[in-house]
Amino acid sequence: MAIVTPLEKLTIPLGGQVIELQQLDYEAGGMSLLRTRIREKSRFTVFEIDPGSARLWGEALLRWAQTQESK
């Protein structure tokens, strides 16, 4: 069993998707994981990633966003 801690909930204006970020901590111990849930109408996509992968993904998102600011 895992302890789930809500972190963020975002609604994307253009497509109406809802993105939820949650921290997963398993009772048996070990590393925490980041669960990302994306809801598009009745469809859900859920995946869990480790801290290192979350950092790489976040940095890639920031790099892209920074290139868009000058447009």
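For THR5, THR36, what's the fewest-to-most ordering of other Cβ within 10 Å of each Cβ? Can you show the working numbers first?
Numbers: THR5 12, THR36 18.
With the sparsest Cβ surroundings first, the list reads THR5, THR36.
If you keep only loop residues by DSSP, which trypsin sites (Lys or Arg not before Pro) in segment 22-54 have at most 10 other Cβ atoms within 10 Å of their Cβ?
Values: sites: ARG35, ARG37, ARG39, LYS41, ARG43; in loops: LYS41.
Answer in residue order: LYS41.
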What residue among SER42, SER32, SER53 shows peak mean-square fluctuation when the chain is described by a Gaussian network model with Cα springs under 10 Å? SER42
In angstroms, what radius of gyration and Dmax does the chain have, counting Cα atoms only? 14.3, 48
Residue-by-residue Karplus 3J(HN,Hα) for segment 10-26, coefficients 6.51, -1.76, 1.60, Hz, glycine and proline x: 10, 10, 7, x, 6, x, x, 5, 10, 10, 10, 10, 9, 9, 10, 10, 7
So what is the calculated 222 nm ellipticity per residue for the chain, using -39500 (n - 2.57) for each DSSP H run with n of 4 or more, over all residues, to the nearest 500 deg cm²/dmol? -8500 deg cm²/dmol
Angle, helix 51-68 long axis vs. longest principal axis of the chain, Cα atoms, 0 to 90°, nearest 10? 10 degrees
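A short reminder: the numbers here are calculations on the coordinates, not readings from a lab. All of these numbers come straight from a predicted model, not from anything done at the bench. Ideal geometry is used to build each Cβ from the backbone, glycine not excepted, and the neighbour counts take in all protein chains shown.
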